[in-house]
Amino acid sequence: MREVRRSDRRAEIRGHTRRDVGRLRRRGEGGSFWRSLALVGSVGWPIVLLATGGALAGRALDARLGTGIRFTLLFLLLGTALGCVVAWRAIRGRGA
């Protein structure tokens, strides 16, 4: 095995650092925090709201029909799945 000299390793690290700084400059400035926060909101809220709405609708249906927790679990699962689809489309729409 070849032993890596310290100077070679430092040159490699400098090269990686230059590459990363170049990438950061190409990204552009301004609004990245707020864009990221908006993306988190557009991913999280649909999942939470649709899952909660499904659970509440299922609970109301279970109470009306006397079926235990069958529809609560079913609608919770469907709401979560639909929320994940909506979140996925939000991510894909933003080019992430």
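Readers should treat all values here as calculations from the given coordinates under stated rules, not as data from a laboratory. Bear in mind that the values here come from a model prediction, so they are computed numbers and not experimental data. Because the Cβ atoms are built from the backbone with ideal geometry, glycine has one as well, and the counts that use them run over all protein chains shown.
See the values below:
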read-out	value
The chain: most fluctuating residue of R23, R59, R35 per GNM, C-alpha cutoff 10 Å	R23
Cα long-axis angle, helix 32-65 against the chain (0 to 90 degrees, to the nearest 10)	20
Crossing angle, helix 6-27 versus the chain [Cα axis fit, 0-90 degrees, rounded to tens]	50
Option label - Cα Rg over 2.2 N^0.38 Å computed here, alternatives (i) 1.95; (ii) 1.67; (iii) 0.97	(i)
Modelled FRET efficiency - R0 41 Å, R10 with A38, Cβ distances, 0.05 increments	0.55
Peptides ranked, highest mean first, by Cβ atoms within 10 Å: ranges 10-17, 67-74, 48-55	48-55, 67-74, 10-17
GNM top mover of V21, V43, V85 - the chain, alpha-carbon springs below 10 Å	V21
Farthest positive-ward along the chain dipole, Cα basis, beta-carbon charges - from T72, L82, A60	L82
